[in-house]
Amino acid sequence: MSALYTPQMLALSTELARYPWSDSFERQAEARSTVCGSTIALGLDLNADGQISRLGVKVSACAIGQSSAAILAKGAEGATEARLRETTEAIRRWLLGEGDLPDWPGLHTIAGALPHPGRHGALLLPWDAAIKAISAPQ
């Protein structure tokens with residue numbers, strides 16, 4: 001069994017500073033965990049092709065939620081709504097033991113959360129916020 005909190009996973013939270021929140025994002029959404037109370041606000045802008053061109057987060061979450069948010073943010077540029085939905089559903093299947101870890105840069109860093117069902121909601125939190133944001137009307 002892999003360790004839940006690795007140095008690489010914990011280091012991801014510092015990378016969130018690269019993705020500052022701004023009230024000027026075209027699309028914004030928030031997700032809240034009913035289990036732990038963690039919240040993530042996520043804002044993004046899309047280019048003319050419907051791809052993410054800028055993303056920012058405001059996170060009040062545990063290390064798993066913070067790390068998952070950093071992983072999402074680092075790989076989000078150029079992603080479309082379809083790509084986000086596909087990846088989020090693949091993460092859900094993986095957490096349920098019904099599929100492999102999805103192909104998203106850096107996601108392997110938090111694979112240690114798989115045997116910890118109490119952390120699954122925190123891992124999904126930024127992905128849920130991203131889906132809400134990208135599908136929100138302008």
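The values are calculated or read from the model by the stated rules, or taken from the named source; none is laboratory data. Just so it is clear, the structure is predicted and the values come from calculations on it, not from any experiment. All Cβ positions, glycine included, derive from the backbone under ideal geometry; neighbour counts span all protein chains shown. All accessible areas refer to the heavy atoms of the entire protein, side chains included, with ligands and DNA or RNA removed. Shrake-Rupley method; radii C 1.70, N 1.55, O 1.52, S 1.80 Å.
Each of L10 and S24 was given a label point 7 Å from its Cα along the Cα-to-Cβ line. The distance between the two points is 3.6 nm. (1) 1.08; (2) 1.01; (3) 0.94: which one is Rg/Rh (Cα atoms, Kirkwood Rh) as calculated from this entry? Computed from the coordinates, Rg/Rh (Cα atoms, Kirkwood Rh) corresponds to (3). Heavy-atom surface analysis with a 1.4 Å probe gives the stretch 1-71 a carbon and sulfur content of 49 percent of its accessible area.
Using the Cα gyration tensor of the stretch 5-49, with a ≥ b ≥ c the square roots of its eigenvalues, what is the shape: rounded (a/c below 1.5), prolate (a/b larger than b/c) or oblate (neither)?
In terms of gyration-tensor shape, oblate.
Computed about its Cα centre, the charge dipole of the chain is approximately 320 debye, with only Lys, Arg, Asp and Glu carrying charge at their Cβ.
Among R119, R27, R18, which one shows the biggest mean-square fluctuation in a GNM of the chain, springs joining Cα atoms closer than 10 Å? In the Gaussian network model the winner is R18. Considering only GluC sites (Glu not before Pro) in DSSP loops that have at most 15 other Cβ atoms within 10 Å, the longest stretch of the chain without any of them is 27-76.
In the full protein context, the chain carries 50 Å² of accessible surface per residue, based on a 1.4 Å probe and ignoring ligands, DNA and RNA.
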